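I have placed the structure first, in the form of structure tokens, so that the comments after it can refer back to it.
The values are calculated or read from the model by the stated rules, or taken from the named source; none is laboratory data. Note that the structure is predicted; figures quoted are calculated from it, not measured. Cβ placement follows ideal geometry from the backbone for every residue including glycine, while neighbour counts extend to all protein chains displayed.
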Amino acid sequence: MNILIIGSGGREHAIALAVKQSPLCERLVCAPGNPGMALLSECIPVSLTDPKAIADLAEKEKIDLTIVGPEIPLVAGVVDEFRKRGLRAFGPVALAAALEGSKAFSKNVMKKYGVPTAAYETFTDLQAALDFLKTHPAPIVVKASGLAAGKGAVVCLTDKEAFDIVEEMLGEKAIFGESGKTIVIEEFMEGEEASIFAICDGKDYVLLASAQDHKRAYDNDEGPNTGGMGAYSPAPVVTDALLEEVKKTVIEPTLAGMIQEGAPYTGVLYVGVMVTSTGPKVVEYNCRLGDPECQIVLPLYDGDVLALFDAAERGELAKLDAPKAPKGSAAIVVLASAGYPGEYEKGKAVTGIEEAEKQGARVLHAGTQMQNGELTTAGGRVFGVVGTGISLQDALNQAYGACEKVKFEGKFYRKDIGKKGLERCSK
Ligand code: AMP
Ligand code: GLY
């Protein structure tokens, strides 16, 4: 098959590595790709917000299956455009991708089909939202309904913070623009978070390994929120019993619900769960693989990732003999540019990747570029360094060993990725 991967981050680099290993892959094209992906495939520029241009590219390159990494093209309807033209793309149609694209929609789906989640109300009117806050004290969570690059959810620990952020979203400032014109205010949930990934074909699903992400910039979960500074998989907080509960109370009712809604869910259903004292509750749905979680859950899939995505797109997961358990453990540590997630400098020379990969770790590109034939930094999150092993400790040792070898000015990374998981393992 000729395969096209859409996206340019560490997640898409990991998808490219997994797809390239499959005997089903004859030719791999990535759009727009990154310098790491360029070592494995042909990279062609494309706009992620333009479903027609993406479908044109797939037609021109005679692509058999397109795998869409990020949420933006999915929410913009890229899969709908492919289907209209008789082309094949793995991912949800826009109506189904709205599970991520509109929190008002996803909360409504959860309520309608009995999926456990935080109690909530939806608002478009500023005064009504402020009145609601008067009877619902902090801690409370305020979320822009639309896509906001992961910045749209604000956990408010004081009443003032809640009033201020509601004013900023629904008032004149409209800090999230259209995305924040509708907001969801919801109950604060206490617990540990985990990510569950279901590969879905509209009715059936296959689970990948569970994972836990580290969103804060600094050790001990301090500092500002980021796109993710590291992750590990499987997450011991997700016990077999918890996973069964998530299947029965979240994934199965959601898939059945989306059939009722007229938008059967095909693609990755990423469920962010809070493990609370009264069981798992959904924090959010996403319509794609997590970044950086993708980079560690794909290597643990003990089968052919391309065959899995292909069967899901065809609606034929029931025929696939999917592995029942992940193989071993994996961890990823993100190497970031000094200043991230605030301002940071770009264009710093990078060395040491070959050296870092000598012991088996993989260095995945997230924010790099080629400048006059030299690899330099081009983003806040520059690389994700992935280690694998029999145990979580082995995986962390491999990843951290390699982190030291990659060099660029201003490099920083968290030193405590996986600590919570190790503590649970030793209990
Ligand atoms: P979201 O964009 O909905 O995933 O939210 C981003 C982050 O905010 C989550 O990963 C949680 O850490 C936190 N969060 C969101 N909703 C809640 C909630 N209801 N209770 C506690 N924390 C939350
Ligand atoms: N790792 C969080 C996300 O992909 O949204």
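Here are some notes:
- Filter pass, residue 162 being in contact (Cβ under 8 Å) with a residue 12 or more places away in the chain, buried (at least 20 other Cβ atoms within 10 Å of the Cβ), of a type in the set (A, V, I, L, M, F, W, C) and in contact with a Phe, Trp or Tyr (Cβ under 8 Å, 6 or more places away or on another chain): no
- Check on residue 66, modelled with pLDDT of 90 or more, within 20 Å of the chain's Cα centre (by Cα) and not in a helix (DSSP H, G or I): yes
- Selection count, segment 210-234, where residues are under 23 Å from residue 335 (Cβ atoms) and either away from ligand 1 (no atom under 12 Å from the Cβ) or touching a helix residue (DSSP H, G or I) at 6+ places or on another chain (Cβ under 6 Å) (or both): 13
- Options 257, 290, 267: the member that is in contact (Cβ under 8 Å) with a residue 24 or more places away in the chain, touching a Phe, Trp or Tyr at 6+ places or on another chain (Cβ under 7 Å) and part of a helix (DSSP H, G or I): 257
- Qualifying residue in segment 140-153 (condition: over 23 Å from the mean Cα position of the chain (by Cα) and away from ligand 2 (no atom under 16 Å from the Cβ)): yes
- Taken over segment 348-359, residues that are modelled with pLDDT of 95 or more, surrounded by 12 or more Cβ atoms within 10 Å (Cβ to Cβ) and outside any helix (DSSP H, G or I) amount to 5.
- Of all residue pairs spaced 6 or more apart or on separate chains, none has beta-carbon atoms under 7 Å together with a first member in segment 110-134 that is over 20 Å from residue 251 (Cα atoms) and a second member that is within 16 Å of ligand 2 (Cβ to nearest atom) and at pLDDT below 95.
- Some residue of segment 335-342 being in contact with a helix residue (DSSP H, G or I) (Cβ under 9 Å, 6 or more places away or on another chain) and touching a residue at least 40 places away in the same chain (Cβ under 8 Å): yes
- Residue within segment 315-334 that is hydroxyl-bearing (Ser, Thr, Tyr) and in a strand (DSSP E or B) present: yes
- The criterion of at least 1 residues that are within 16 Å of ligand 2 (Cβ to nearest atom), in contact with a helix residue (DSSP H, G or I) (Cβ under 8 Å, 6 or more places away or on another chain) and under 25 Å from residue 310 (Cβ atoms) is met by the following helices (runs of 4 or more DSSP H) wholly inside segment 76-131: 94-101.
- Options 147, 157; residue that is of a type in the set (A, V, I, L, M, F, W, C) and in contact with a helix residue (DSSP H, G or I) (Cβ under 8 Å, 6 or more places away or on another chain): 147
- All positions within segment 209-245 that are surrounded by fewer than 16 Cβ atoms within 10 Å (Cβ to Cβ) and hydrophobic (A, V, I, L, M, F, W, C): 241
- Screening segment 281-296 for residues that are crowded, with 24+ Cβ neighbours inside 10 Å and not charged (D, E, K, R) and picking the one that is nearest to ligand 1 (Cβ to nearest atom) gives 285.
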